[in-house]
Amino acid sequence: MATRVIIVRHGESTYNVEGRVQGHCDKSTLTQRGQAMATQVGEAIASIAIDAVYSSPFQRTRQTTALIMADRADNTTILYNDDLKEVNLKLWEELLFTDIEAKFPDQMDQWRSAPHKLHLKGTAADATEVDAYPIVDLYEQATRFWNDTLPKHPNQTLLIVAHSAINRALINTAIGLTAIEHQRLEQSNCCISVLNFSGQFGEPVQIESLNLTAHLGEPLPKLRHDRIKRLLLVRHGETNWNREGRFQGQIDIPLNEYGQHQAKQAGDFLKAVKIDAAVTSSMSRPKETAELILNHHPHIELTERRDLWEISHGTWEGKLESEIRLTDSELLDAWQAKPETVQMPEGENLNDVFERAIVAWNDIVQNATPGTTTLVVAHDAINKAILCHVTGVGPESFWSFKQGNGAVSVIDYHKGDTHPPVLRAANITVHLGGILDKTAAGAL
């Protein structure tokens, strides 16, 4: 069983433009630009068959959903679900964020740094008494939605249209994150994210892509301010062994012709992005990928690092899965189900990979200057380890992140190196053929 879930945030709203808190307030509607954004989402997913559509019942999401579905021939019924409502911020709703900063500085600090501790208590404008932990409540709401909805749609594709905070809660709960990590992921207006559930809620799920915005004319999510350290994490292009499904690990297989094409496509995609520094694994496939990307940035010197090498598969390297199954069937099953438990024969385990990948990553971040963008090109396992690290999960979540050949992910450090970063986008492959990742699955 597999269920694909496409998650979209509503388009730009009147309250978004005014800088007001929306929450459960249903006065906000789409701006003209927000309407255009919703139409662009519809165009971007027009070729994807949708079996069921779920929407928050608020005006801004109803409008977005209707515009996305307007020109489709499948006439899928739109199901409005209260568990897709935005976070309930009763005491703050309709207020300007600038006013909340002034009136509730402690709570705003909790919202940003410890969302699970955010406690709203007092009397609302309509005389309602409020005493709630809204982010904790939101995660219970997201969990309820998944438990109620997924059993109804085995082997189907769902479209969910909702809001920033609930979308983050849906994605986070799917991969095992809690309200503590609420601010680790980004959801832009009319972004597209794709999740692949292997079964029911609580079973393995993969983030195929996160916060895609290229269909809106924005290849990468906009920087929030000019002092951010931004890192672009790219997986190398395809090799013949990726295409064949061979485990390559630390055998230095070069890009094939299509892999070179993918690297050039990634370079074209990032052509207009200001890149200030570049780092690569010193193996040939990521190094060549980085060099092809940097053809558009010839002034950048490429730094090579051995600690960004792919995982060592030991005696599995050079073999197909079918060949490995003949001798190491149980270990291969464990690798696919519980990778954190596996010691590769004469190779590494994920703790080894995570340790060196995180050391390398932290060193790259520390050496970056605020206000700059650094390109980092590496491998499937290394990139997955880094994505796990920046979202606050460990090796047990290794398979939660897809990394297509030539894919781009975006990580921003807003408050310096010691504060958790934000995963602004993950596994962008639109430059390689559309919203869904069509790159070769391959082996690591």
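Pairs of Cα atoms nearer than 8 Å and 6+ residues apart set the relative contact order; for the range 1-99 it is 37 percent. Counting only Cβ charges, +1 for Lys and Arg and -1 for Asp and Glu, the dipole size of the range 3-216 around its Cα centre is about 260 debye.
Of the residues 251, 130, 339, the one whose Cα sits farthest towards the positive end of the charge dipole of the chain is 130 (charges of +1 on Lys and Arg Cβ, -1 on Asp and Glu Cβ, taken about the Cα centre). Charges were assigned to the Cβ only: +1 to each Lys and Arg, -1 to each Asp and Glu. The resulting dipole of the chain about its Cα centre is roughly 900 debye. When the helices of the chain are scored as -39500 (n - 2.57) per DSSP H run of n ≥ 4 and the total is divided over every residue, the value at 222 nm lands at -10000 deg cm²/dmol. The order of the peptides 159-167, 116-124 by mean Cβ neighbours within 10 Å, most packed first, is 159-167, 116-124.
By the scheme Lys and Arg +1, Asp and Glu -1, what is the net charge of all other residues having a beta-carbon under 9 Å from that of residue 42? After counting each charged neighbour, the total is -1. Considering only beta bridges that DSSP places wholly inside the chain, some 50 percent are antiparallel. Farthest towards the positive end of the charge dipole of the chain, among the residues 269, 151, 116, is the Cα of 269, using unit charges on the Cβ of Lys, Arg, Asp and Glu. If only the Cβ of Lys and Arg carry +1 and only the Cβ of Asp and Glu carry -1, the dipole of the range 82-125 around its Cα centre is close to 200 debye.
Against the compact-protein benchmark of 2.2 N^0.38 Å, the Cα-based radius of gyration of the range 139-264 scales to 1.30. With K and R counted +1 and D and E -1, the other residues having a Cβ less than 13 Å from that of residue 106 yield a net charge of +2.
Taking the number of Cβ atoms within 10 Å of each Cβ as an exposure proxy, the fewest-first ranking of 307, 126, 82, 380 is 126, 82, 307, 380.
In the chain, Rg over Rh equals 0.97, where Rg is the alpha-carbon radius of gyration and Rh the Kirkwood radius from pairwise Cα distances. Contact order for the chain, expressed relative to its length and based on alpha carbon pairs under 8 Å spaced 6+ residues apart, stands at 18 percent.
Legend: distances between Cα atoms for 152/229; 85/117; 90/384; 85/274; pairs beyond 31 Å are 152/229; 90/384; 85/274. The ellipsoid equivalent to the alpha-carbon distribution of the range 61-160 has semi-axes of 33, 17, 12 angstrom, derived from the gyration tensor eigenvalues as √(5λ) and listed largest first. Among residues other than residue 69 with Cβ under 15 Å from its Cβ, the summed charge is -2 (Lys and Arg +1, Asp and Glu -1).
For the range 302-444, the Kirkwood radius over C-alpha pairs fed into Stokes-Einstein at 4 °C and 1.567 mPa s yields D = 79 µm² per second. Taking every alpha-carbon pair under 8 Å whose residues sit at least 6 apart, the range 229-432 reaches a relative contact order of 31 percent.
Would you please name the GluC sites (Glu not before Pro) within the range 265-302 that are DSSP coil residues with at most 15 other C-beta atoms within 10 Å of their C-beta? Those satisfying the criteria are 301.
None of the figures in this text is laboratory data; all of them are computed from the coordinates on show. The model shown is predicted, which means the values in this text are computed figures rather than measured ones. Virtual Cβ from ideal backbone geometry, glycine too; neighbours counted across all protein chains shown.
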